[in-house]
Protein chains: 2
Amino acid sequence: MNGREFKDAMYDGLAKLLKALSNPYRLEIIEMLSQGEKSVEGVVNSTNLTVANASQHLQVLKNNYIVKSRKEGHYVYYSLINDEFLSLYQHIIKYAVSEIAELEKTLNQQRKDNKSLNAVSLDKLNSMIHDESVLLLDVRPSIEYEFGHIMGAISMPISELMSKLKGFSKDKEIIAYCRGPFCVLADDAVRLLSEKGYKVRRLDEGYPEWKVKQSESI
Amino acid sequence: MNGREFKDAMYDGLAKLLKALSNPYRLEIIEMLSQGEKSVEGVVNSTNLTVANASQHLQVLKNNYIVKSRKEGHYVYYSLINDEFLSLYQHIIKYAVSEIAELEKTLNQQRKDNKSLNAVSLDKLNSMIHDESVLLLDVRPSIEYEFGHIMGAISMPISELMSKLKGFSKDKEIIAYCRGPFCVLADDAVRLLSEKGYKVRRLDEGYPEWKVKQSESI
DNA sequence: ATTATATTCAAGAAAAGTATTGAATTATTG
DNA sequence: CAATAATTCAATACTTTTCTTGAATATAAT
């Protein structure tokens, strides 16, 4: 293999990886799987995809070493291949949100619409978490909370939010988080709670970002 | 805009960025531009692309905020948009080379073929650079050296290598570098020099990686 | 002004990616 | 062992990306 062939092989391989990432549905699947493993059915339930189509997308991700799978009974459970990939994915998101003007604008509009513009960063959360008067709510489905959650967080799926929160004082500062910067569950929580008069903000990031940060600080 | 629309808008935008990156020629162009600005002609000269085709690829990169351009006389000079992108690009390369088995294998084979398997890492270089007996060679074209180079490096374009090196002692340890992990100029240098009996290794990375590392350590 | 040069534009053909449909496969359950 | 359920496979139509070709544009030099 000469120099030109070597370069071509490397760039072709690299482009293949990026092609696997360059589809909106596959990106959404990646975000889903960053919350923990999911069956094909599980992926279908939280997207607009048909079963066959979701399966195809998952195979593209698998063939490009982005996800792995294990079989149990009828089900095939997919999960992200490793934390190195998760870290890369988050780098991409972070770059896109801060450098692509259009995305930055869309994100800001969403936050404004939900009165969640005053989002708290992970770094800031760390310095607040020791404060007893801060209540950290994980508003994802409880299955995702069980796979892993930010230390000290209480599981409070958005569906149970209004009924479960009756007991809490309005003096407490509430911080809600979910899957990441694109996840709207925390926005919904902020909107619902602020309408009821609670002091509430969302976390800018989500559980996966916290997890990567934890593992990097060890 | 409801939650579903917001998510779709964000993932569509993200996929658009990744689509712009998911072409081998555009990746090669990005590597070229990470050495400093280049005209369309300059890009064409170091790839297999036609002028019109290179221009099209450059426009895709520009429309996706990956490169920027300035006009001077007949020429339009393109360069990477900022160091945040360069850092992201390098993260992608690093991930691909260490986690995609096929790419890792191809890279190793290339290094083996050129007797450059014992590559030196940037970290290691830093601790060696104070050693007077180490000679650091920048084997890129001199125009790229002039745009920027690793501190302490000597410009030694591969074309002038054999004639210029006559004066150097074979006791000195030589380290050659070029554009990055996929760049074959350093491999060529290692092969040529080791055949002549010099003690020579290549740097695993290249100038852009050094540059990003410098700016991060400030 | 005319000519030359670098780049971009526009249109069409070829190649690759995507969604849909229904059948096939694999493992579990009765 | 037949029936059921989750997933995958295969074929097709549709869309998008890519390369090629030749013309158009813009700037500099004569």
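In a strand (DSSP E or B), farther than 30 Å from A:D188 by Cα and within 14 Å of chain A (Cβ to nearest Cβ): is that true of B:K68 in this structure?
Judged against the criteria, B:K68 is a match.
Taking A:R70, is it charged (D, E, K, R), in contact with a His (Cβ under 9 Å, 6 or more places away or on another chain) and farther than 28 Å from B:A20 by Cβ? Give the derivation first.
Values: charged (D, E, K, R): yes; in contact with a His (Cβ under 9 Å, 6 or more places away or on another chain): no; farther than 28 Å from B:A20 by Cβ: yes.
No; evaluated as a whole, the condition is false for this residue.
Condition test on B:S55, is it of a type in the set (S, T, Y) and either near DNA strand D (Cβ under 10 Å from one of its atoms) or assigned by TED's automatic domain parsing to the domain that holds B:I143 (or both)?
So B:S55 fits the description; yes.
Can you tell me which residues in the stretch A:44-87 are free of Cβ contacts under 8 Å to residues at least 40 places away in the same chain, within 13 Å of DNA strand C (Cβ to nearest atom) and β-branched (V, I, T)?
Hits for the stretch A:44-87 are A:V44, A:T47, A:T50, A:V51, A:V76.
Quick check: is even one residue across the stretch A:115-129 within 14 Å of another protein chain (Cβ to nearest Cβ), modelled with pLDDT of 90 or more and under 15 Å from the mean Cα position of the chain (by Cα)? Outline the logic, then answer.
Initially, the stretch A:115-129 is screened for residues within 14 Å of another protein chain (Cβ to nearest Cβ), giving A:116.
Retained after the next criterion (residues that are modelled with pLDDT of 90 or more): none.
There is no residue in the stretch A:115-129 that is within 14 Å of another protein chain (Cβ to nearest Cβ), modelled with pLDDT of 90 or more and under 15 Å from the mean Cα position of the chain (by Cα).
Within the stretch B:107-114, is even one residue surrounded by 17 or more Cβ atoms within 10 Å (Cβ to Cβ), more than 11 Å from DNA strand D (Cβ to nearest atom) and facing chain A (nearest Cβ under 8 Å)? Working first, answer last.
First, pick out the residues of the stretch B:107-114 that are surrounded by 17 or more Cβ atoms within 10 Å (Cβ to Cβ): B:107, B:110-111, B:114.
If we keep only those that are more than 11 Å from DNA strand D (Cβ to nearest atom) too, we end up with B:107, B:110-111, B:114.
The next check asks that each one be facing chain A (nearest Cβ under 8 Å); those that pass are B:107, B:110.
Yes, because at least one residue in the stretch B:107-114 is surrounded by 17 or more Cβ atoms within 10 Å (Cβ to Cβ), more than 11 Å from DNA strand D (Cβ to nearest atom) and facing chain A (nearest Cβ under 8 Å).
Give me a count of the residues in the stretch B:194-210 that are closer than 18 Å to B:G167 by Cβ and crowded, with 24+ Cβ neighbours inside 10 Å.
Number of matching residues: 1.
Run down A:E31, A:E37, A:E5, A:E41 and say which single residue is under 16 Å from the mean Cα position of the chain (by Cα) and surrounded by fewer than 20 Cβ atoms within 10 Å (Cβ to Cβ).
Of the residues listed, the single one that is under 16 Å from the mean Cα position of the chain (by Cα) and surrounded by fewer than 20 Cβ atoms within 10 Å (Cβ to Cβ) is A:E37.
Restricting the stretch B:25-65 to residues that are within 12 Å of chain A (Cβ to nearest Cβ) and among the acidic types (D, E), which is farthest from B:R179 (Cα to Cα)?
This residue is B:E28.
Surrounded by fewer than 16 Cβ atoms within 10 Å (Cβ to Cβ) and either of a type outside the set (D, E) or in contact with a strand residue (DSSP E or B) (Cβ under 8 Å, 6 or more places away or on another chain) (or both): does that describe B:H91?
Values: surrounded by fewer than 16 Cβ atoms within 10 Å (Cβ to Cβ): no; either of a type outside the set (D, E) or in contact with a strand residue (DSSP E or B) (Cβ under 8 Å, 6 or more places away or on another chain) (or both): yes.
Criteria not met by B:H91.
What is the residue count in the stretch B:146-162 for residues that are closer than 13 Å to B:L33 by Cα and hydroxyl-bearing (S, T, Y)?
The qualifying residues number 0.
Could you tell me whether A:V60 is within 24 Å of A:A96 (Cβ to Cβ) and within 11 Å of DNA strand D (Cβ to nearest atom)?
yes
Hey, any hits in the stretch B:82-92 for a residue that's within 18 Å of the chain's Cα centre (by Cα), within 24 Å of A:A9 (Cα to Cα) and away from every other protein chain (no Cβ under 14 Å)? Break it down stepwise before answering.
First, the residues of the stretch B:82-92 that are within 18 Å of the chain's Cα centre (by Cα): B:82-92.
From what's left, within 24 Å of A:A9 (Cα to Cα): B:85-92.
Those left that are additionally away from every other protein chain (no Cβ under 14 Å): none.
Looking for residues that are within 18 Å of the chain's Cα centre (by Cα), within 24 Å of A:A9 (Cα to Cα) and away from every other protein chain (no Cβ under 14 Å), one finds none in the stretch B:82-92, hence no.
Can you name the condition, by its number, that A:N48 falls short on among (1) more than 9 Å from DNA strand D (Cβ to nearest atom); (2) at pLDDT 95 or above; (3) under 21 Å from A:P141 (Cα atoms)?
Condition not satisfied by A:N48: (2).
Assess whether A:L21 counts as being at pLDDT 95 or above, away from DNA strand C (no atom under 11 Å from the Cβ) and surrounded by 22 or more Cβ atoms within 10 Å (Cβ to Cβ).
Values: at pLDDT 95 or above: yes; away from DNA strand C (no atom under 11 Å from the Cβ): no; surrounded by 22 or more Cβ atoms within 10 Å (Cβ to Cβ): yes.
When the stated conditions are applied, A:L21 does not pass them.
The values are calculated or read from the model by the stated rules, or taken from the named source; none is laboratory data. These numbers were taken from a predicted model, which means no experiment stands behind them. Because the Cβ atoms are built from the backbone with ideal geometry, glycine has one as well, and the counts that use them run over all protein chains shown.
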